[in-house]
Amino acid sequence: MNQSTVYRIRRGLEESGEVMQCITVVGRDGIEQPRRKSKTKPAPKPVVERDGPTTTPAGLRTALTT
């Protein structure tokens, strides 16, 4: 059988309740993975604003200017 045919038949059986839905699958390496990836994107990291000028060590400043 073709992979798309198996997918279509299984999806129909899962929707009708004849076959239990799998939440995780086990890969060849033996590690469980979620069957479907979540579609939500993680929240962006907050931007940290600093007060005043940034300071650098004196040795670094002279190395950059020379």
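The values are calculated or read from the model by the stated rules, or taken from the named source; none is laboratory data. These figures come from a predicted structure and were not determined experimentally. Note: ideal-geometry Cβ built from the backbone for every residue, glycine included; neighbour counts use all protein chains shown.
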Taking segment 36-66 and keeping residues at pLDDT below 75, at negative phi, in a loop (DSSP other than H, G, I, E, B) and over 20 Å from the mean Cα position of the chain (by Cα) leaves Val48, Glu49, Arg50, Asp51, Pro53, Thr54, Thr55, Thr56, Pro57, Thr66
Restricted to segment 1-35 and to residues being at pLDDT below 80 and surrounded by 10 or more Cβ atoms within 10 Å (Cβ to Cβ), the residue nearest to the chain's Cα centre (by Cα) is Arg35
